[in-house]
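A short reminder: the numbers here are calculations on the coordinates, not readings from a lab. Everything numeric in this text was worked out from a predicted model, so none of it was measured. Virtual Cβ from ideal backbone geometry, glycine too; neighbours counted across all protein chains shown.
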Amino acid sequence: MSLKLTDLYYQDISLIECNNQSMFNKLFKLVHYGLVNALSDSKSNIGITFPEYDMEHHTLGNVIRLIGSKPNLIIFSAFKSLTLLGDYITISDIVGVPDTTTFVRFKRIPEVNNSKLRRLASKKAVRENISYTDAIIQYKKALKFIKSPFITLPSDSTKQYFKLFIDKEFVDEYVDDGFSAYGLSSVSSLPWF
């Protein structure tokens with residue numbers, strides 16, 4: 001169900017101890033689990049913004065803002081795992097989104113590990129008729145420019161840690177097409193305030 005802008009509410013979850021990346025990673029992991037619990041048809045009806053996102057300093061800040069319908073935010077709030085961090089976070093009331101004409105999209109940028117780099121380079125070498133070594137060099141140059149902030153999370157399936165790179169992009173309009181279990185989307189956008 002697509003929501004109108006006037007039907008949106010938000011709730012901020014803030015770290016009390018500023019600039020603690022390890023604690024922010026734990027907080028985001030718990031928010032992710034809450035979003036997984038609230039999934040509907042493999043999409044989340046709750047999106048996330050990071051009001052303190054700072055590309056220059058490569059940080060997401062200390063605040064996670066959940067945006068969705070009031071009933072969905074209430075369902076999310078019923079997920080009690082955030083109480084595990086009760087001494088380290090504050091959770092705001094659920095409040096209506098203010099009027100705004102600025103919209104933003106937070107989306108995941110896929111991490112490229114060595115095995116994926118080798119696969120991509122092999123395909124690029126064939127596709128562009130260049131040597132495998134040249135393809136590796138081109139990809140490594142491109143990857144040096146990924147400077148987006150990230151969160152380090154454990155994979156539930158492999159138990160290995162991975163970096164969830166998050167990019168912020170301003171867009172012209174509000175689009176509601178659902179969100180991933182991380183509250184991110186390459187299509188949907190949210191009000192920026």
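Worth a mention:
- Reach of Lys123 by Cα under 18 Å, taken over aspartates and glutamates that are not fewer than 8 positions away in the same chain: Glu111, Asp134
- Proximal lysines to Lys80, defined as alpha-carbon separation beneath 29 angstrom and excluding residues fewer than eight positions away on the same chain: Lys4, Lys26, Lys29, Lys43, Lys70, Lys107, Lys159, Lys163, Lys168
- Taken along the Cα-to-beta-carbon direction at a fixed 7 Å, the label points for Asp177 and Ser115 span 3.0 nm.
- Extension gain, Tyr88 back to Ser122 (0.36 nm per residue minus Cα-Cα distance, nm): 7.6 nm
- A simple rule links phi to the HN-Hα coupling: the Karplus curve 6.51 cos²θ - 1.76 cosθ + 1.60 with θ = phi - 60°, which for region 44-55 gives 8, 8, 10, x, 10, 10, 10, x, 9, 3, 9, 5 Hz, with x for Gly and Pro.
- Rounded if a/c under 1.5, otherwise prolate or oblate - the chain, Cα gyration tensor axes: prolate
- Per-residue ³J(HN,Hα) for region 4-16, Karplus 6.51 cos²θ - 1.76 cosθ + 1.60, θ = phi - 60°, Hz, x for Gly and Pro: 7, 4, 6, 8, 8, 10, 9, 8, 9, 10, 10, 6, 6
- In terms of its C-alpha gyration tensor, region 35-128 has a prolate overall shape, because the principal axis ratio a/c (a ≥ b ≥ c, square roots of the eigenvalues) is not below 1.5 and a/b outweighs b/c.
- Net charge contributed by nearby residues that have their C-beta within less than 13 Å of Thr102 (K/R +1, D/E -1): -2
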